Amino acid sequence: MPFWLFGLGEQFLQFLQFLGRNSIEEIRLGDQVRSEMAILFADVRGFTSLSEQMSPKENFDFINLLLQCLGPAVRGASGFIERYIGDAIMALFPQGADDAIRGARLKRQLSNS
């Protein structure tokens, strides 16, 4: 496995499946899929000021805990995380907006528990 694929795991496999591919070796320059879907951007309100009060370890622990909650919420609503952007994610929901809303609700339920 190429070093840059190490650790990408499940979200990469979901993206491959969405493209109709079983392996990265099947992807060719110019391959594309056109589809209507919902996109959900989620981030932590006020993270910059919050992170300035934390140590580097506390920041990493916080982000890891956040992603441990967001990943299952997105997958539980038939979506997948396409991009990690610091304290934010971009999630795709190929089956539509209802799934994105369900993902946001699941995330809220997880964060309240």
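The values are calculated or read from the model by the stated rules, or taken from the named source; none is laboratory data. Everything quoted here is computed from the prediction, not taken from an experiment. Every residue, glycine as well, gets a Cβ built from its backbone with ideal geometry; the counts of neighbours run over all protein chains shown.
The one condition from (1) among the polar types (S, T, N, Q); (2) under 15 Å from the mean Cα position of the chain (by Cα); (3) part of a loop (DSSP other than H, G, I, E, B) that SER35 does not meet is (2).
Using the structure shown, decide if LEU8 is at pLDDT below 85, within 15 Å of the chain's Cα centre (by Cα), farther than 24 Å from ARG102 by Cβ and surrounded by 10 or more Cβ atoms within 10 Å (Cβ to Cβ).
Numbers: at pLDDT below 85: yes; within 15 Å of the chain's Cα centre (by Cα): yes; farther than 24 Å from ARG102 by Cβ: yes; surrounded by 10 or more Cβ atoms within 10 Å (Cβ to Cβ): yes.
Answer is yes for this residue.
Is at least one residue of region 83-91 under 20 Å from LEU16 (Cβ atoms), without any contact (Cβ under 8 Å) to a residue 40 or more places away in the chain and either in contact with a strand residue (DSSP E or B) (Cβ under 9 Å, 6 or more places away or on another chain) or not assigned by TED's automatic domain parsing to the domain that holds PHE15 (or both)? Break it down stepwise before answering.
Initially, region 83-91 is screened for residues under 20 Å from LEU16 (Cβ atoms), giving 83-84, 89-91.
In the following step, the residues that additionally are without any contact (Cβ under 8 Å) to a residue 40 or more places away in the chain were identified as 83-84.
Filter once more, keeping what is either in contact with a strand residue (DSSP E or B) (Cβ under 9 Å, 6 or more places away or on another chain) or not assigned by TED's automatic domain parsing to the domain that holds PHE15 (or both): 83-84.
Yes, that holds for at least one residue.
Scanning region 47-81 for residues that are in contact with a Phe, Trp or Tyr (Cβ under 8 Å, 6 or more places away or on another chain) and surrounded by 15 or more Cβ atoms within 10 Å (Cβ to Cβ) yields SER51, VAL74, ALA77, SER78, GLY79, PHE80.
Just name the residue that is surrounded by the fewest Cβ atoms within 10 Å (Cβ to Cβ) out of those in region 82-104 that are under 26 Å from SER51 (Cβ atoms) and modelled with pLDDT under 85.
Start the filter on region 82-104 by keeping residues that are under 26 Å from SER51 (Cβ atoms), which leaves 82-91, 103-104.
Subsequent filtering for residues that are modelled with pLDDT under 85 retains 82, 86, 103-104.
Numbers: GLU82: 15, GLY86: 11, GLY103: 24, ALA104: 16.
The residue in question is GLY86.
When region 78-97 is filtered for residues that are more than 9 Å from the chain's Cα centre (by Cα) and either under 20 Å from VAL33 (Cβ atoms) or aromatic (Phe, Trp, Tyr) (or both), the ones remaining, listed by number, are SER78, PHE93, PRO94, GLN95, GLY96, ALA97.
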